[in-house]
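Remarks on the structure that follows.
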Amino acid sequence: MARDPNLYDYLPNDGSRPKITWPNGARVAFWVAPNIEFYELDPPKNPSRGAWARPQPDVLNYSYRDYGNRAGFQRMMEAMDRCGIRGSVSLNVAMCEHHPEIIKACADRGWEFYSHGTYNTRYLFNLTETQEREVIQDSIDTIKKHTGQKLDGWLAPALTYTDNTLDLVADMGLTYVCDLFHDDQPGPVKVKKGRLASIPYSLEMNDVIVYNINLVSPRRYAEILKRQFDRLYAEGAESGTVMCIPLHPYLVGWPYRIKAFEEALEYICGHDKVWLATGREIAKHFLDNNYDGFAKAAHQVAEAPV
Amino acid sequence: MSDTTKTVGGSGLQPNAQVNTPAGGAGMPASYLQYDKRRYGMDHERYAWSQLHTRPRVVWPNEARVALWVIPALEWFPLDMKGKPFKPPGAMVTSYPDLRHYTLRDYGNRVGIFRIMQALEARGIKASVATNAAVAVRYPALIKACVDKGWEILANGLDMDHLHYEGLALEEERRLVTTSLDILRRVSGQTVRGWLSPAKSESFVTPDLVAAAGCDYLCDWVNDDMPYAFTTKSGTVTAMPHPCDIDDYQILINNHHTEDDFRDALIDQFDVLYREAAHGGGRVMAVSLHPWITGQPYRIAALEQALDHIMGRKGVWAATGAQIVDAWRAQPAAA
């Protein structure tokens, strides 16, 4: 085990960074990342993480998540449609087989699909490199087969990793990851091979964290989203920022939560210097224009004494 | 994305269990990357996959837009509860004897439920009361009061310390089901058609046992806003959208929100369902209540205000679970 993930150098946000200029002079690259997930009722066990809080079958927690696909997804999608927002789907790729109707609805709208593993109940913990490559290849192949899209982005299933994960996704041709939470701007990820960008996702704006960990009310969530946006929009006048709203249809898609989300989306999209982007588009812009400058400006980190 | 490491209170909607076993290096068995149930639809046989917005429109009696289903729970938490295989929401907390939590739960059965009863009666609403059989044995006068108000008795297992879970011997689980239903049917004089497992905890066979014992609707699964067909070994029953996420325990106890927040959540929930019903067909608004929570003097007005908002709209049908099930089964959506 390492003391430092050794995935990025130190690049302080002190005004000295190379400037990011988004298309059309936008201040904020705004993207919405719905996690479209399938949780298994009776998955095999991984010694590093249990799948369910209760003994299997945990019908409460299983059905709680299934709600997102049956009911919540449609509400979330309609709210995004009203604001002209294309989603960047964080996809458990087995959804392509289980619920192709949802995949088609996203594809018909020009949404991006990136990988969130195969199932949200199959973790990367303890996989060998060969096994992990098999999981990544499954995602590449499944997304290609069902959507025609090249897989560019990665968010590890249930945020589970090995020491190899980001090296492998870069080696297999992906261009960005959402797994790192160290910045409000994209940044280079140090991998063995390839060029990989970290694109700001967010735990703080993530409805799982907001609703299930921080236990906030829906109306308060709308306030949080608006405040986050306001500051990033103001700061984006100096150098482009990124705001992501990661979503889970099983949470945001409840009737009593959707109104507050709609209101926050309308507020954000009512500003003119906002780039309504996808994860892939943000990554490409950064890789084409800023990756090298950011890599060059960053400070190498010395090893701390033991 | 998924749940992270922090454990959320006792609501049952908890983040996944975390186990800190260091990686061994040998990898996972090959079976870990095999997916026998990777196929169209669900990974089990209990119900068909479908999205709410694609189903035939439901038309409620008198073309109501929303069926309002209120479900108070009458629970008994034994003082010496074992919490096997886990402590249900509302369980004892301190070392034995935990008088404060025991008696506060019992407050609901002595005091809180009657505030709810008055609030519902004043607005012409008949509830389905989810009842532990132990409550019927211990407080038959309470069951009689519910029955006299025209409320439906909905089975909620034996008590809050007899959970249904995989690993319970089949005969023991069957005994829990039949004993609970026998008691509730005898004391209430009702057929008792609906079943809610204590803490919504099931084994793999709970729905089969419940259906075999004569129940025709089930309230454990929280995956829909509408009734849907649910398969058991004793025939098809109806799954009813009994909520967990929006109930008083989750919002007031687990999330520590105010009673005004609870009222607003109910109102926002209703408003969206009512809006959807205009084009999507009839909807169900389920209000799950715990009398020891909502029945407190300072909280009851929040429920009354939410109910006033709901009942003040045209096209709201206040119904029991059994009435909703029967009306739904007569619809093309049930086919």
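Structure notes:
- Conditions (1) more than 30 Å from residue B:226 (Cβ to Cβ); (2) in a helix (DSSP H, G or I); number of the one not met by residue A:243: (2)
- Qualifying residues in segment B:206-244 (those that are among the small types (Gly, Ala, Ser) and not in a helix (DSSP H, G or I)) - the one farthest from the other protein chains (Cβ to nearest Cβ): B:214
- Residue under evaluation residue A:257, criteria (1) part of a helix (DSSP H, G or I); (2) more than 11 Å from chain B (Cβ to nearest Cβ); (3) under 30 Å from residue A:158 (Cβ atoms); (4) in contact with a Phe, Trp or Tyr (Cβ under 9 Å, 6 or more places away or on another chain), criterion not met: (2)
- Among residues of segment A:150-168, those that are free of Cβ contacts under 8 Å to residues at least 40 places away in the same chain and closer than 18 Å to residue A:112 by Cβ, counted: 2
- Some residue of segment A:26-38 being under 17 Å from residue B:49 (Cβ atoms), surrounded by 24 or more Cβ atoms within 10 Å (Cβ to Cβ) and not aromatic (Phe, Trp, Tyr): yes
- Check on residue A:155, surrounded by fewer than 22 Cβ atoms within 10 Å (Cβ to Cβ), within 25 Å of residue A:3 (Cβ to Cβ), within 14 Å of another protein chain (Cβ to nearest Cβ) and not charged (D, E, K, R): no
- Check on residue B:28, modelled with pLDDT of 95 or more, touching a Leu at 6+ places or on another chain (Cβ under 7 Å), in a loop (DSSP other than H, G, I, E, B) and within 7 Å of another protein chain (Cβ to nearest Cβ): yes
- Scope segment B:264-282; condition away from chain A (no Cβ under 11 Å) and in contact with a helix residue (DSSP H, G or I) (Cβ under 9 Å, 6 or more places away or on another chain); matching residues: B:281, B:282
- Selected residue (only one of B:46, B:110, B:38, B:57 is under 29 Å from residue B:164 (Cβ atoms), away from chain A (no Cβ under 14 Å) and outside any strand (DSSP E or B)): B:110
- Output for segment A:248-306, where each listed residue is buried (at least 21 other Cβ atoms within 10 Å of the Cβ) and of a type in the set (Lys, Arg): A:257, A:280
- Subset of segment A:58-76 (residues that are among the aliphatic types (A, V, I, L, M) and within 10 Å of chain B (Cβ to nearest Cβ)): A:59, A:60, A:71
- Scanning segment A:151-171 for residues that are out of contact with any Lys or Arg (no Cβ under 7 Å at 6 or more places or on another chain) and more than 21 Å from residue A:38 (Cβ to Cβ) gives A:162, A:163, A:164, A:166.
- Restricting attention to segment A:192-204, the residues that are away from every other protein chain (no Cβ under 11 Å) and in contact (Cβ under 8 Å) with a residue 40 or more places away in the chain add up to 5.
- The residue pairs whose first member lies in segment B:20-33 and is closer than 21 Å to residue A:120 by Cβ and exposed (fewer than 15 other Cβ atoms within 10 Å of the Cβ), whose second member is at pLDDT 60 or above and among the small types (Gly, Ala, Ser), and whose beta carbons are closer than 6 Å, counting only pairs six or more residues apart or on different chains, are B:21/A:48.
- Condition check for residue B:256: in a loop (DSSP other than H, G, I, E, B) and either at pLDDT below 95 or on the phi > 0 side of the Ramachandran plot (or both): yes
The values are calculated or read from the model by the stated rules, or taken from the named source; none is laboratory data. As the structure is a prediction and not an experimental result, all values here were calculated from the model. When we count neighbours, we look across all protein chains shown, and the Cβ atoms used for this are built from the backbone with ideal geometry, even at glycine.
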